[in-house]
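The structure appears right after this line, and notes come after that.
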Amino acid sequence: MAHQAHAYHMVDPSPWPLTGAIAALLMTSGLAVWFHFHSTTLMILGTILLLLTMFQWWRDVVREGTFQGHHTPPVQKGLRYGMILFITSEVFFFLGFFWAFYHSSLAPTPELGGCWPPTGITTLDPFEVPLLNTAVLLASGVTVTWAHHSIMEGERKQAIQSLALTIALGFYFTFLQAMEYYEAPFTIADGVYGSTFFVATGFHGLHVIIGSMFLAVCLLRQIHFHFTSEHHFGFEAAAWYWHFVDVVWLFLYISIYWWGS
Amino acid sequence: MAALGRLSHALLRSPATRNRRHLSAAAAGGHGEQTARTWKILTFVVALPGVAVCMLNMYLKEQNHSHEMPEFVPYSHLRIRSKRFPWGDGNHSLFHNSHLNALPDGYEGHDD
């Protein structure tokens with residue numbers, strides 16, 4: 001049997017990058033078809049392909065790392081760099097929407113009444129549900145840290161409890177935010193206020209859902225003994241992502257909910 | 001990455017230096033055996049009560065709310081319909097609430 005004379009991971013050929021790219025193409029063109037021709041077929045096909053790609057690609061990564069031993073320290077270091085770079089790119093993504101918000105709100109145009117919030121907009125009270133949402137996400141940051149230390153100390157039951165609590169808080173945030181969206185006296189179509197509010201908070205909510213799913217996968221893996229006290233990078237990546245989601249919320253809260261009200 | 005650095009550093013240390021625990025290391029939670037317990041305490045004494053207080057605050061504020069519909073003024077900078085929504089009749093936003101969200105002509109079911 002041939003052995004490699006280095007610590008790196010030469011990945012086996014895989015179809016998932018191709019299926020992922022095809023999914024991205026079908027979803028984007030499907031979105032355009034939906035908008036112009038009122039058919040959702042292409043978009044749904046693309047979404048299904050995306051879900052299949054994600055499931056199978058990440059299943060393969062878990063197999064390679066947890067069961068086949070390919071994630072040596074240098075490989076793990078590369079994965080860490082990768083996650084950090086990805087989160088950095090997401091920071092820039094949100095930066096754009098904050099730019100749009102501040103551009104519109106610092107110099108409100110005459111069409112809006114020359115003021116911010118614009119004339120006719122009833123803003124949400126930042127000290128009601130938004131404050132609760134802030135407490136929920138900050139609490140989930142505490143619980144995910146409890147989970148991390150539990151994993152490092154080999155405290156299996158505590159790790160499962162704290163991770164489950166973190167996910168529950170994430171779902172609670174999503175539930176509260178969905179309620180807020182329904183109860184809001186303004187919509188996305190209410191000028192630049194509505195656009196900046198719902199696009200920024202909407203993408204944030206999507207990231208909360210993604211982060212919750214990531215943590216849920218970690219919970220399943222923890223239950224199935226995938227993590228050791230020394231090697232649990234999947235969990236660390238999920239925790240980093242979760243902290244990032246929390247920080248984005250804090251900026252949203254201060255800028256849009258509080259200053260912008 | 002930081003954990004990786006600490007791991008290899010700990011492996012390289014002699015037993016004598018390894019046992020000296022610095023306060024900063026315990027606070028950073030690198031290898032402290034008590035740190036999970038610390039965060040567990042923080043969870044149940046600070047974080048979750050903080051959420052509970054905010055929930056209580058909401059309940060109390062909700063009671064003082066007036067549940068009127070916001071006044072409808074047909075401003076041209078609001079309720080924009082440059083392009084129809086791709087669902088339903090194209091005139092309702094995704095989270096439309098007929099009690100709180102007026103359509104461009106006014107609230108539904110009202111003849112203003």
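The values are calculated or read from the model by the stated rules, or taken from the named source; none is laboratory data. Note that the structure is predicted; figures quoted are calculated from it, not measured. Cβ atoms come from the backbone with ideal geometry, glycine included; neighbour counts cover every protein chain shown. Calculation scope for accessible area: heavy atoms of the full protein, side chains included, ligands and nucleic acids excluded. Shrake-Rupley method; radii C 1.70, N 1.55, O 1.52, S 1.80 Å.
Measuring r between the beta carbons of A:T122 and A:Y8 and using R0 = 45 Å, the FRET efficiency lands at 0.20. The figure for A:R156 is an accessible area of roughly 80 square angstrom, using a 1.4 Å probe on the protein chains alone. Taking all protein chains together, B:R79, A:R59 sort by accessible area into A:R59, B:R79, largest first [probe 1.4 Å].
Remark: the protein assembly as shown carries 57 Å² of accessible area per residue (probe radius 1.4 Å; ligands, DNA and RNA excluded). A probe of 1.4 angstrom, applied to the heavy atoms of all protein chains, finds B:M69 with accessible area near 60 square angstrom. Taking label points 7 Å from Cα along the Cα-to-Cβ direction, A:I160 and A:I22 give a separation of 3.9 nm. Placing A:L219, B:L60, A:L18 in order of accessible area, with the largest value first and a 1.4 Å probe, yields A:L18, B:L60, A:L219. Within the accessible area of chain A, the carbon and sulfur atoms contribute 74%, probe 1.4 Å, all protein chains present. With each label modelled as a point 7 angstrom along the Cα→C-beta vector, the B:H67-A:A100 pair spans 3.5 nm.
Stretching B:L42 away from B:M55 to a fully extended chain increases their span by 2.8 nm, per 0.36 nm per residue minus the current alpha-carbon distance.
Each principal axis of the Cα cloud of chain A was taken in turn, and the coordinate range along them, longest first, works out to 75, 45, 28 Å.
So what is the diffusion coefficient of segment A:1-94 in µm² per second by Stokes-Einstein at 20 °C and 1.002 mPa s, using a Kirkwood Rh over Cα pairs? Result for D is 135 µm²/s. The B-A contact accounts for approximately 3900 Å² of buried accessible area, totalled over both chains at a 1.4 Å probe radius. With R₀ set to 25 Å, the beta-carbon distance separating A:T47 from A:T109 gives a calculated FRET efficiency near 0.10. By the Stokes-Einstein formula, at 1.002 mPa s and 20 °C, segment A:207-261 with its Kirkwood radius over alpha-carbon pairs has D equal to 171 µm²/s.
Could you work out [θ]222 nm for chain A from helices alone, using -39500 (n - 2.57) per DSSP H run of at least four and dividing by all its residues? Round to the nearest 500 deg cm²/dmol.
-25000 deg cm²/dmol
If R0 equals 22 Å, the separation of the Cβ atoms of B:Y107 and B:S76 corresponds to a calculated FRET efficiency of about 0.80.
Compared with the dominant Cα axis of chain A, that is its longest principal axis, helix A:156-183 is turned about 20°. Rounded to the nearest 10 square angstrom, B:K61 shows an accessible area of 60 square angstrom against a 1.4 Å probe. Summary value for chain A: 19 percent relative contact order, contacts being C-alpha pairs under 8 angstrom separated by 6+ residues.
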